[in-house]
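What follows is one structure encoded as structure tokens, with my remarks underneath.
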């Protein structure tokens with residue numbers, strides 16, 4: 001594999017854009033008809049006849065809708081309808097390859113237990129993400145493997161009152177890996193470039209970027225929660241051109257899932273990777289060493305920084321971009337320190 005390049009958003013390029021679906025809503029299989037719901041026998045003609053040994057008895061009823069057999073019938077019907085659309089091709093992806101139905105029905109269902117049960121992600125300030133229109137979420141990046149980006153997607157999807165979808169800008173390495181490449185595109189990720197990000201923002205998408213890139217993801221454990229350089233301010237320029245707010249985001253808990261105590265640069269060069277992590281469990285325990293530690297996560301979305309008040313030429317002002325970049329970085333760093341002081345333990 002060729003060495004991964006550092007691209008415009010400083011290692012993080014992604015694509016966003018809401019996928020559209022044809023016909024029914026996600027998983028919109030028809031409800032199985034209910035055979036139950038019968039009225040009490042006493043309310044029917046002839047009920048309570050003297051010959052009836054139990055005039056007050058009620059007719060047997062099916063389980064109420066939403067429980068028991070009826071619930072399983074609907075789940076099976078929805079699942080079959082989903083599979084039928086997959087087989088027949090009766091679904092749509094957007095121009096970036098985003099498959100919203102697959103993301104909602106399958107990918108989120110796979111990631112949700114990891115977020116809710118394993119990492120027990122606590123989400124704060126999600127209301128700071130606008131209910132409609134474009135927004136650029138800028139977050140710290142850490143954890144050796146980019147699980148923080150996936151947990152951000154679940155946080156926005158499951159906790160935002162409007163049920164918004166986050167479209168992440170991903171590094172080019174993501175799209176060079178077999179299988180991962182296809183899944184990333186289906187989940188709404190796109191190669192991080194200013195043009196694609198701007199198009200997504202202008203059409204009202206919520207876009208996520210992690211300007212630290214591989215510098216943040218692969219930093220040593222001793223530098224945990226110390227933000228790396230945020231690059232040349234490309235994300236600020238994109239937000240200014242689109243006129244969308246910048247929402248700073250701080251993630252605590254990801255730094256400890258794979259404590260990186262070393263980096264084999266030789267192996268990294270051979271494999272074409274930006275780094276090859278050495279942790280207390282990897283590579284010593286083989287595949288078992290790739291299991292992340294069950295740390296307790298907190299994701300906090302900060303107050304949005306508006307950009308629509310700046311003139312169009314502001315996107316070309318290097319001093320303004322530097323100041324806004326520094327403002328976003330400082331806000332994220334300050335929130336990280338505050339969350340670290342508040343947490344009781346890495347695991348609780």
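The values are calculated or read from the model by the stated rules, or taken from the named source; none is laboratory data. Predicted model only: the values in this text are computed from it and were never measured. Please note: Cβ atoms are built from the backbone with ideal geometry, for glycine as well, and neighbour counts cover all protein chains shown.
Just one of the numbered conditions (1) more than 17 Å from residue 322 (Cα to Cα); (2) at pLDDT 95 or above; (3) surrounded by fewer than 22 Cβ atoms within 10 Å (Cβ to Cβ) is not true of residue 245: (1).
Residue count for the range 282-302 satisfying the condition of being surrounded by 12 or more Cβ atoms within 10 Å (Cβ to Cβ) and either on the phi > 0 side of the Ramachandran plot or in contact with a helix residue (DSSP H, G or I) (Cβ under 7 Å, 6 or more places away or on another chain) (or both): 12.
For the range 56-85, filtering for residues that are at pLDDT 80 or above and either under 30 Å from residue 195 (Cα atoms) or exposed (fewer than 13 other Cβ atoms within 10 Å of the Cβ) (or both) leaves 5. Checking the range 277-299 against the condition returns a match, with at least one residue being under 27 Å from residue 198 (Cβ atoms), within 21 Å of the chain's Cα centre (by Cα), modelled with pLDDT of 95 or more and not in a loop (DSSP other than H, G, I, E, B).
When the range 86-124 is filtered for residues that are closer than 18 Å to residue 207 by Cβ and surrounded by fewer than 18 Cβ atoms within 10 Å (Cβ to Cβ), only 95 remains. Summed over the range 300-318, residues that are touching a strand residue (DSSP E or B) at 6+ places or on another chain (Cβ under 9 Å) and either over 17 Å from residue 241 (Cβ atoms) or in a loop (DSSP other than H, G, I, E, B) (or both) total 7. The residue of the range 263-276 that is surrounded by the most Cβ atoms within 10 Å (Cβ to Cβ), among those that are part of a loop (DSSP other than H, G, I, E, B) and out of contact with any helix residue (DSSP H, G or I) (no Cβ under 6 Å at 6 or more places or on another chain), is 273.
The residues listed here are 260, 321; of these, the one that is buried (at least 17 other Cβ atoms within 10 Å of the Cβ), at negative phi and not in a loop (DSSP other than H, G, I, E, B) is 321. Has the range 99-120 got any residue that is touching a strand residue (DSSP E or B) at 6+ places or on another chain (Cβ under 7 Å), modelled with pLDDT of 95 or more, part of a loop (DSSP other than H, G, I, E, B) and closer than 26 Å to residue 214 by Cα? Checked the range 99-120: no residue is touching a strand residue (DSSP E or B) at 6+ places or on another chain (Cβ under 7 Å), modelled with pLDDT of 95 or more, part of a loop (DSSP other than H, G, I, E, B) and closer than 26 Å to residue 214 by Cα. When each of 201, 168, 191 is tested for being farther than 25 Å from residue 252 by Cβ, in contact with a strand residue (DSSP E or B) (Cβ under 8 Å, 6 or more places away or on another chain) and part of a strand (DSSP E or B), the lone residue that passes is 191. Restricted to the range 125-156, and to residues there that are without any contact (Cβ under 8 Å) to a residue 60 or more places away in the chain and within 14 Å of the chain's Cα centre (by Cα), the residue that is surrounded by the most Cβ atoms within 10 Å (Cβ to Cβ) is 156.
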